Amino acid sequence: WDAGTANVHVAAEFGAITLAASGNIADSEDEPSDDYAIGASYDGGMFSVGAAIYENSGDEIFAIGGTVTAGGADIDLFYHANDTADIAGYGASVTYPVGALSLVGTIGATDLDGDEVDFGVGASYDLGGGVSIAGGIGQVDDLGAEDSYTVADFGITMSF
């Protein structure tokens, strides 16, 4: 019987604190992978923070992030570092709801040589019943090239 590989995820909540761990299990014919993740988060109501360490295909990565609600807007910040590849990155986004409309602005970059800051704006409109119309436009750096390019997206999202 060949069961293949399976992902195992365990999480526990202790009030406002959530702890989670995941890893891979291999069957008798496959070598187990070294991929794993361990994380923790705290939800303080008006703010939340979380951190995780994980290994994915040999890369060891640390990530930390948080969200704060201020003036009606949700402000998200994150930082990640890949120690194996010696790369770090950061980003931020602000979401501001105006009734059924939500406006979003984002920015992010890495510390790679030649990597410029990426940024974008977007909006979504809640149609009700789990259906929204959403779209955005952004400026993305073409790593290794002199130019950046513009990307855009528009569509319908459904959440049931």
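The values are calculated or read from the model by the stated rules, or taken from the named source; none is laboratory data. Model, not experiment: these values are computed from the prediction. All Cβ positions, even for glycine, are placed from backbone atoms using ideal geometry, and neighbour counts span all protein chains on display. The accessibility values were calculated without ligands, DNA or RNA, using every heavy atom of the protein model including side chains. Shrake-Rupley method; radii C 1.70, N 1.55, O 1.52, S 1.80 Å.
Its Cα centre serving as origin, region 23-160 has a Cβ charge dipole (Lys and Arg +1, Asp and Glu -1) of approximately 1160 debye. Within the chain, what is the longest stretch that has no GluC sites (Glu not before Pro) placed in a DSSP loop and near at most 12 other beta-carbon atoms within 10 Å? Counting at most 12 other Cβ atoms within 10 Å as exposed, the longest clean stretch of the chain is 30-145.
Calculated accessible area for region 95-160 comes out at 68 Å² per residue, all protein chains present (probe 1.4 Å; ligands, DNA, RNA ignored).
Whole-Hz Karplus values for region 88-105 come out as 10, x, 8, x, 8, 8, 10, 10, 10, x, 10, x, 7, 9, 10, 9, 9, x Hz, taken residue by residue from phi with 6.51 cos²θ - 1.76 cosθ + 1.60 and θ = phi - 60°; glycine and proline positions read x.
The heavy atoms of residue 10 offer some 90 square angstrom of accessible surface to a 1.4 angstrom probe.
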